[in-house]
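J.: Below is a structure I'd like to ask you about.
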Amino acid sequence: MNILLLSQFGEWHEPSYFRFYQYFKFFNVKSINISYKSLINKPISDYFIYDKIKFRNNIFPNLGRIIDLEFNSNYDLLWVDSEALPNIPFVLESFFLPINKKVILDLGDSTHYKYEKSNRWYYKYFMKDKISGLIQRADSVISRNSTIKEYVDQFKKENSFVLPSGIDTKAYQPVSYVQDYSNTETVIGFIGTFFSSHYLLKISDVLKEISRVYPIRLVILNGNEKLSFPIKFNHIRTTSQEEEINELSKIDIGVFPTPFSLKETGNSGLGILKCMALAKPVIACDIGSAVDYISHGENGYLCQNTDDFYLALRSLLDEKEIGLSYGEKSRKKIESEFSIEKTYTDLKKIFEL
């Protein structure tokens, strides 16, 4: 089987790596040949993110993609990341999609939100039904969390699958050590991106209140280094997987606040996944991939407001045994349900339908 992946970003983009590229080493040794074409390269993406340039012009990337669709026929299955031609109406995109090839739509973000809820006239009149149209047009749809699948199921119930990202549990191995909250500073950790780190500000007052009772420190990995908090905090930037694992292994509790809006339900939960693989107790918002990874009150906490975050932190700080137990259960769940081997097997089954 020959597969062509039309991705938004290359393998340098971490969410895309976890959704797509980490599986290539399995595909290309099991009689499945896979190639890819990414829409946006790293220099453009970095320019967009760090210089806050609005990347509105999709003309040239889309022209290249149209050429790929029209002149590259050496594949049996087309694997589409969210949409093949961003900002192009469904009626035009469907014209370029192959009619004699299997098409799998992979939704990792709530792309439909920006089209359906936008007040821009172009989106309002030409793009509103695009993602729902692609869902119905695809042979199969992969939703990267249960919240997205709820949307997909409005238009397609058959061949609709939920498949959160998996992780290499051999690389992300927990380091055994004993936490002692009574004598040491508790490290509350977050790992994310320039944008997602801003959501920590939502629990800034919670952390301040907690710090009056417990000695805590907030460690932010790979976030916006200009952010400041009313407690002890450190910004750390990692440049390799080894550095990342080393720094995450030093934290005691992972926290991942996100907005409670449809716009953010595409959150991939990679930080949650990494912390759980390293046997860390995690507190997150009750939305997006967190719902698939965390079983509330069993291996972590799912929160609906800042009060929930406060109570969850107090629970883990009051009784260290709870955190240790949640960490162990988190690791076991990742090993059994979200290892790279398990999620690859699930993905391969979808391709072979």
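Throughout, read-outs are computed from the coordinates displayed, never taken from laboratory work. All of these numbers come straight from a predicted model, not from anything done at the bench. FYI the Cβ positions are ideal-geometry reconstructions off the backbone, even for glycines, and counts take in every protein chain you see.
J.: Scan around Val162 for amide H atoms under 5 Å from its own, H built in the peptide plane at 1.01 Å from N, and keep only partners 5 or more places away or cross-chain.
T.: The list, which skips near neighbours in sequence, is Ser143.
J.: Let me ask something else about it. Looking at the chain as a GNM with Cα springs under 10 Å, which of Ile32, Ile287, Ile203 has the largest mean-square fluctuation?
T.: So, out of Ile32, Ile287, Ile203, the one fluctuating most is Ile32.
J.: If you don't mind, there's one more thing I want to ask. Might you report the magnitude of the Cβ-based charge dipole of segment 75-193 about its Cα centre, with Lys and Arg at +1 and Asp and Glu at -1, to the nearest 20 debye?
T.: 520 debye
J.: Also: At q = 0.08, 0.10, 0.11, 0.12 Å⁻¹, what is the log10 ratio I(q)/I(0) for the chain, with the Debye formula run over Cα points and no solvent?
T.: Each listed q corresponds, in turn, to -0.41, -0.63, -0.76, -0.90.
J.: If you don't mind, another one. Calculate one ³J(HN,Hα) per residue across segment 192-197 by plugging θ = phi - 60° into the Karplus curve 6.51 cos²θ - 1.76 cosθ + 1.60, and present them in order as whole Hz with x for glycine and proline.
T.: Coupling constants for segment 192-197: x, 10, 3, 7, 5, 5 Hz.
J.: Follow-up. How large is the charge dipole for segment 215-263, taken about the Cα centre, if only the Cβ atoms of Lys, Arg (+1) and Asp, Glu (-1) carry charge, to the nearest 20 debye?
T.: 300 debye
J.: Enumerate the calculated ³J(HN,Hα) couplings along segment 145-151 in order (Karplus 6.51 cos²θ - 1.76 cosθ + 1.60, θ = phi - 60°), each rounded to whole Hz, writing x wherever the residue is Gly or Pro.
T.: Couplings: 7, 5, 5, 5, 4, 4, 5 Hz.
J.: Using modelled backbone amide H atoms (1.01 Å from N, in-plane), which distant-in-sequence or interchain residues come within less than 5 Å of Ser295's amide H?
T.: Gly300
J.: Please give me the summed charge of the neighbours of Lys170: other residues whose Cβ is under 11 Å from its Cβ, Lys and Arg +1, Asp and Glu -1.
T.: Combined, the nearby Lys, Arg, Asp and Glu give -3.
J.: Which residue fluctuates the most in the chain, going by a Gaussian network model with Cα springs under 10 Å, if the choices are Leu92, Leu134, Leu77?
T.: Leu92
J.: Can you show me the helix-derived [θ] at 222 nm for the chain, built from DSSP H runs with n ≥ 4 at -39,500 (n - 2.57) apiece and divided by the number of residues, rounded to the nearest 500.
T.: Mean residue ellipticity at 222 nm (helix-derived): -10500 deg cm²/dmol.
J.: Quote the charge dipole size of the chain about the Cα centre in Debye, to the nearest 20; the model charges only the Cβ of Lys and Arg (+1) and of Asp and Glu (-1).
T.: Magnitude of the dipole: close to 760 debye.
J.: Give me, ordered by chain and number, the residues 5 or more places off Cys303 or on other chains with an amide H under 5 Å from its own placed amide H.
T.: The answer is Ala284, Cys285, Asp286.
J.: Once the Cα atoms of helix 340-351 and of the chain are each reduced to a long axis, what angle between those two axes, in degrees from 0 to 90 to the nearest 10, is obtained?
T.: 20 degrees
J.: Let me ask another. Count the lysine pairs in segment 186-337 whose Cα atoms sit under 19 Å apart, keeping only pairs 8 or more residues apart in sequence or on different chains.
T.: Summing the qualifying lysine pairs gives 19.
J.: Now a separate question. Relative to the longest principal axis of the C-alpha atoms of the chain, give the angle of the C-alpha long axis of helix 306-318, reported between 0 and 90° and rounded to the nearest 10°.
T.: So the helix axis and the longest Cα principal axis differ by about 50 degrees.
J.: Give me the net charge for the shell around Leu248: Cβ to Cβ below 12 angstrom, other residues only, Lys and Arg +1, Asp and Glu -1.
T.: So the environment of Leu248 carries a net charge of -2.
J.: Still on this structure, I have one more. Among Phe309, Phe96, Phe18, which one shows the biggest mean-square fluctuation in a GNM of the chain, springs joining Cα atoms closer than 10 Å?
T.: Result for the chain, Cα springs under 10 Å: Phe96 fluctuates most.
J.: Any idea what the relative contact order of the chain is, in percent, if you count C-alpha pairs under 8 Å spaced at least 6 apart?
T.: This gives 14 percent for the chain.
J.: Can you give the net charge of the other residues whose Cβ lies under 9 Å from the Cβ of Ile188, counting K and R as +1 and D and E as -1?
T.: 0
J.: Right, here's the next one. State the dimensionless ratio Rg/Rh of segment 186-337 (Rg: radius of gyration of Cα atoms; Rh: Kirkwood radius).
T.: Result for segment 186-337 is an Rg/Rh of 0.92.
J.: Oh, and also: Roughly what angle does helix 320-337 make with the longest principal axis of the chain, taking Cα atoms, 0 to 90 degrees, to the nearest 10?
T.: Between helix and principal axis, roughly 20 degrees.
J.: Tell me, what ³J(HN,Hα) does each residue in segment 5-19 have, in order and in whole Hz, if you take phi through Karplus 6.51 cos²θ - 1.76 cosθ + 1.60 with θ = phi - 60° and put x for Gly and Pro?
T.: Rounded to whole hertz, the list is 9, 9, 9, 7, 10, x, 6, 5, 8, 4, x, 5, 4, 6, 7.
J.: Can you put Val29, Val175, Val255 in order of Cβ neighbours within 10 angstrom, beginning with the fewest?
T.: In increasing order of surrounding Cβ atoms, one gets Val29, Val175, Val255.
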